[in-house]
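Beneath this line is the structure, given in structure tokens, with notes to follow.
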Amino acid sequence: MGKYFGTDGFRGEANVGLTVDHALRIGRFLGHYYSRERRARIVLGKDTRLSSYMLEDALAAGITSSGADAYLMHVTTTPSVSYLTRTERFDCGVMISASHNPYYDNGIKLLNGQGEKMEEIVIKELEAYLDTDPASIPYAVRDRIGKTVDYYGGRNQYIGYLISLSRNSFQGYKVGLDCANGSTWMIAKSVFDALGAQTYVINNQPTGTNINRDSGSTHIEGLQQFVKENRLDVGFAFDGDADRCLAVDENGRVVDGDAILYIYARFMKERGNLTDNTVVTTVMSNFGLYKAFDEAGIQYKVTDVGDRFVYECMREHGHLLGGEQSGHIIFGKYASTGDGMLTAIKVMQAMITREQPLSKLAEPFEVYPQVLRNVRVRDKEAALAHPDVQQAIQAAQDLLGKEGRVLVRKSGTEPVIRVMAEAHTQESCGLCVDRIITAMRNNNLVLEGK
């Protein structure tokens, strides 16, 4: 992680942590960097936040002033920008979104020419420019000045692509969609209607300030109630830029990213499509997922938190399925990033092909109780390395044995240690977590009262 860019782009409160000047300079850098040999083509998308329009204008001005052409998809999803960058051979892609954050935050996500997260070497060069004289990158002049292109049609290409991926008609299924007042508000219903579903949509009236507010994948209780009240067969909730998807079964029960990974891994395995019989997960996946994979004879790899790390592992080893509990699911055959709409289509495919409701498909997967506590400490490295803390961690893991796990990790952005335990009972989890935190406190490692 750099000074400005984290694992998922440059994010901050609009015009506080992330300003118009930042966006203009990022645009200038991208336009210059990719136009060194020829005029570059850069595609931009945005979510529905009030500030996204402002940042889009600034980015486009920066790009064109440095001699590249800016193609504007307008309000669209992150995976659609990734798809168009890759298939239409753009030099890079930019998505303006703070994902699941509240409306007053925003972010700039950068994608390389393959639609993947931008390479670190380019990010480092960009960050260096942000801290130098803006004049170090020259303005384009005369016929070298770039142009802005209305690329609204790119979104329709993506919609057509999604529709083409379904091997089944959704006719006869009542499907609920929670658009989080975000990027899918004009896309989700179009796709599901075209596939034949009887579609019911909520939170598809964006105002610029209501994105993710009591809606979408981070507030899924609204969709749960909606599915039960309308007796729907299934529901899908997206986040602000639609790279995440969580599901709700016909009984109103949440089916999270771990459960979706389990359902689709089994579906692929049964058809001989699960490469190397392996799924890529993160350290935050529930222990119950690994138990369910063991029982199903499915292998798994574990990465650090972040869909970037999941995808890198998938690409390096050729795996076709990976994701996170939060709903970032990557289908490597079809996409290079998490895609909420694609995930919803694939879940429908499993339901229809196996002729089972979602509750039945998820039934073998048992979510283990979890206790997670964040502890503010004086020094993260010292707290984690202290012998008494290490001894407490080992004792907790020994107590749980093979029927649970302990995970203690540093926050990447705060002076915080995250202490988590998963086991058959909430009491066992709490006991293990308490012992570890007590060891920190007894050694004066904790910032009390913080």
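Data overview
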read-out	value
Extreme residue, nearest to Cys92 (Cα to Cα), among residues of region 6-46 that are surrounded by fewer than 23 Cβ atoms within 10 Å (Cβ to Cβ) and either outside the structural domain of Ser82 (by TED's automatic domain parsing) or under 22 Å from the mean Cα position of the chain (by Cα) (or both)	Asp8
Of all residues making up region 134-156, the number that are assigned to a helix (DSSP H, G or I) and in contact with an Asp or Glu (Cβ under 8 Å, 6 or more places away or on another chain)	1
Residues satisfying the stated conditions in region 47-65, i.e. buried (at least 24 other Cβ atoms within 10 Å of the Cβ) and either aromatic (Phe, Trp, Tyr) or not in a helix (DSSP H, G or I) (or both)	Asp47, Thr48, Arg49
Filter result for Gly318 (within 17 Å of the chain's Cα centre (by Cα), assigned by TED's automatic domain parsing to the domain that holds Ala259, within 19 Å of Arg86 (Cα to Cα) and small (Gly, Ala, Ser))	no
Test: residue in region 82-94 that is touching a strand residue (DSSP E or B) at 6+ places or on another chain (Cβ under 8 Å), crowded, with 24+ Cβ neighbours inside 10 Å, over 21 Å from Asp339 (Cα atoms) and β-branched (Val, Ile, Thr)	no
Answer residue from region 67-116, given it is outside any loop (DSSP other than H, G, I, E, B) and of a type in the set (Lys, Arg) and is farthest from Leu55 (Cα to Cα) among those	Arg86
Qualifying residue in region 117-133 (condition: of a type outside the set (Lys, Arg), in contact (Cβ under 8 Å) with a residue 60 or more places away in the chain and not in a helix (DSSP H, G or I))	yes
Any chance Gly31 is at pLDDT 95 or above and not aliphatic (A, V, I, L, M)	yes
Residue in region 16-38 that is out of contact with any Cys (no Cβ under 8 Å at 6 or more places or on another chain), in a strand (DSSP E or B) and within 23 Å of Tyr334 (Cβ to Cβ) present	no
Listing of strands (runs of 3 or more DSSP E) fully contained in region 311-390 that carry 3 or more residues being touching an Asp or Glu at 6+ places or on another chain (Cβ under 8 Å) and crowded, with 19+ Cβ neighbours inside 10 Å	329-331
Among the residues listed as Ala344, Ala383, Ala335, Ala350, the single one being hydrophobic (A, V, I, L, M, F, W, C) and not assigned by TED's automatic domain parsing to the domain that holds Asp276	Ala383
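Rundown of residues vs (1) in the same structural domain as Arg38 (by TED's automatic domain parsing); (2) surrounded by 11 or more Cβ atoms within 10 Å (Cβ to Cβ); (3) at pLDDT 95 or above, yes/no style:
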site: Leu130; (1), (2), (3): yes, yes, yes
site: Pro134; (1), (2), (3): yes, yes, no
site: Val141; (1), (2), (3): yes, no, yes
site: Lys147; (1), (2), (3): yes, yes, yes
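Residues checked against (1) at negative phi; (2) at pLDDT 95 or above:
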residue	(1), (2)
Asp307	yes, no
Gly322	yes, yes
Gly327	no, yes
Tyr334	yes, yes
Leu342	yes, yes
Met348	yes, yes
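The values are calculated or read from the model by the stated rules, or taken from the named source; none is laboratory data. What you see is a predicted model; the values in this text were computed from it and never measured. Cβ sites come from the backbone with ideal geometry, for glycine too, and all protein chains shown count toward neighbours.
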